[in-house]
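Note sheet for the following structure.
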Amino acid sequence: MERGEEQLIVSLLDKDPELKKYYDEHQELEKRLLGYQHKAYLTPVEEVEKKRLQKLKLAGKDKIMEILGRHRQSGVQRGTE
């Protein structure tokens, strides 16, 4: 996520429980993936788990961006009324 997007997301967390849920999950997956990055070698089971976490993280990011898009759209609509 870009810095500006992340700042906007953080500013909306208190207002949107769905966004907060996906953002918190995204942060947790990031921490778990960092654990794999510090290893010199991953077992086949760890490789599979790492790939699974990456897919979950990407799906969560897509959801976050969808929610962010809705907020931006509603902001544009409010601004033009």
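Scan the chain for chymotrypsin sites (Phe, Trp or Tyr not before Pro) in coil per DSSP, keeping those whose Cβ has at most 15 other Cβ atoms within 10 Å, and list them by number. Walk me through the numbers on the way to the answer.
Working: sites: Y22, Y23, Y36, Y41; in loops: Y41.
Answer by residue number: Y41.
For region 1-57, which trypsin sites (Lys or Arg not before Pro) pass both filters: DSSP loop (anything but H, G, I, E, B) and at most 14 other C-beta atoms within 10 Å?
K15, K39
Report, in debye and to the nearest 20, how large the dipole of the chain comes out about its Cα centre when Lys and Arg carry +1 and Asp and Glu carry -1 on their Cβ.
Around 160 debye, computed over the chain.
In region 1-41, which GluC sites (Glu not before Pro) fall in coil by DSSP and have 10 or fewer other Cβ atoms within 10 Å?
E2
Please give the helix 3-12 orientation as an angle from the longest Cα principal axis of the chain, in degrees from 0 to 90, rounded to the nearest 10.
70 degrees
Among Y23, Y36, S74, which residue has its Cα positioned farthest towards the positive end of the charge dipole of the chain, with +1 placed on the Cβ of Lys and Arg, -1 on the Cβ of Asp and Glu, and the dipole taken about the Cα centre?
Y36
How many angstrom lie between the Cα centre of region 1-20 and the Cα centre of region 48-70?
Using only Cα atoms, the two centres lie 15 Å from each other.
Return the subset of K31/K63; K31/K55; K15/K51; K21/K55 for which the Cα-Cα distance in this structure is over 24 Å, preserving the input order.
On the way: K31/K63 19 Å; K31/K55 14 Å; K15/K51 32 Å; K21/K55 17 Å.
Violating the 24 Å Cα-Cα cut-off are K15/K51.
Two decimals, Cα atoms only, Kirkwood Rh: what is Rg/Rh over the chain?
Numbers: Rg = 15.9 Å, Rh = 14.2 Å.
Result: Rg/Rh = 1.12.
Label region 4-48 by shape, choosing from rounded, prolate and oblate, from the square roots a ≥ b ≥ c of the eigenvalues of the Cα gyration tensor; if a/c is under 1.5 it is rounded, and otherwise prolate applies when a/b is larger than b/c, oblate when it is not. Display every interim value, and only then the final one.
Working: a/c = 5.00, a/b = 2.75, b/c = 1.82.
Prolate, because a/c is 1.5 or more and a/b exceeds b/c.
At 222 nm, what helix-only mean residue ellipticity would the chain give, in deg cm²/dmol to the nearest 500, using -39500 (n - 2.57) for each DSSP H run of four or more?
Result for the chain, helices only: -29500 deg cm²/dmol.
FYI, it's all coordinate maths here, none of it is from the lab. All values reported here derive from a predicted model rather than from experimental measurement. Note that we place each Cβ from the backbone using ideal geometry, even for glycine, and neighbour counts take in every protein chain shown.
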